[in-house]
Amino acid sequence: MKKSTFVAMILGTVGGILFALGMCMALIPEWNAFQPGVIMGVVGAVVLLVMVLVWRKMENKAPVKLSGKTIGATLIGIVGALLFGVGMCLTMVWSNMVVGIIVGIAGIVVLLCLIPFIKGLK
């Protein structure tokens, strides 16, 4: 295993755990830990961002350049993930099965649209 892959794995695991625990702390009302949860979630997100920067530097890759396509792909990914999550919440939390399944499938379709958007059709 390359050193850059190992570093990315460790930072990704730590950042993912911090982010997930922070979101749980912020979103589970029984825990009464909204502010610490938001802080921990932000720390996790920062660790994940640092992981990407460190990995790209160790692999001698060029920094990510912001273009219209990069921003568009990011927005499509965010919208797809949000639709998918709302569909799951509608189904599992609010007991609205049919609408939840439709919204979840719409989120999956939006996420699948990322593949041709990024890779292109040949």
Which numbered condition residue 43 fails, given (1) surrounded by 12 or more Cβ atoms within 10 Å (Cβ to Cβ); (2) farther than 24 Å from residue 118 by Cβ; (3) in the same structural domain as residue 120 (by TED's automatic domain parsing): (3)
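Being among the small types (Gly, Ala, Ser), under 27 Å from residue 113 (Cα atoms) and either surrounded by fewer than 14 Cβ atoms within 10 Å (Cβ to Cβ) or over 13 Å from the mean Cα position of the chain (by Cα) (or both) is true for just one of 62, 26. Which residue is that?
Values: 26 fails: under 27 Å from residue 113 (Cα atoms).
Result: 62 is the single residue among 62, 26 that is among the small types (Gly, Ala, Ser), under 27 Å from residue 113 (Cα atoms) and either surrounded by fewer than 14 Cβ atoms within 10 Å (Cβ to Cβ) or over 13 Å from the mean Cα position of the chain (by Cα) (or both).
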Residue among 37, 41 that is of a type in the set (Gly, Ala, Ser) and in contact with a Cys (Cβ under 8 Å, 6 or more places away or on another chain): 37
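Kindly indicate whether residue 115 is more than 17 Å from the chain's Cα centre (by Cα), free of Cβ contacts under 8 Å to residues at least 24 places away in the same chain, on the phi < 0 side of the Ramachandran plot and not assigned by TED's automatic domain parsing to the domain that holds residue 8. Talk me through it step by step, then tell me what you get.
Working: more than 17 Å from the chain's Cα centre (by Cα): no; free of Cβ contacts under 8 Å to residues at least 24 places away in the same chain: yes; on the phi < 0 side of the Ramachandran plot: yes; not assigned by TED's automatic domain parsing to the domain that holds residue 8: yes.
Spelling it out, it is not the case that residue 115 is more than 17 Å from the chain's Cα centre (by Cα), free of Cβ contacts under 8 Å to residues at least 24 places away in the same chain, on the phi < 0 side of the Ramachandran plot and not assigned by TED's automatic domain parsing to the domain that holds residue 8.
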Residue that is surrounded by the fewest Cβ atoms within 10 Å (Cβ to Cβ), among those in the range 1-23 that are of a type outside the set (Gly, Ala, Ser) and over 17 Å from residue 46 (Cα atoms): 1
When residues of the range 1-35 are limited to those that are in contact with a helix residue (DSSP H, G or I) (Cβ under 7 Å, 6 or more places away or on another chain) and free of Cβ contacts under 8 Å to residues at least 12 places away in the same chain, the one farthest from residue 64 (Cα to Cα): 31
Matching option when the condition is exposed (fewer than 15 other Cβ atoms within 10 Å of the Cβ), over 30 Å from residue 1 (Cα atoms) and not assigned by TED's automatic domain parsing to the domain that holds residue 28, among 103, 109, 79: 109
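The values are calculated or read from the model by the stated rules, or taken from the named source; none is laboratory data. Computed from a predicted structure; not experimentally measured. Positions of Cβ are generated from backbone atoms using ideal geometry, with glycine treated the same way; all protein chains shown enter the neighbour counts.
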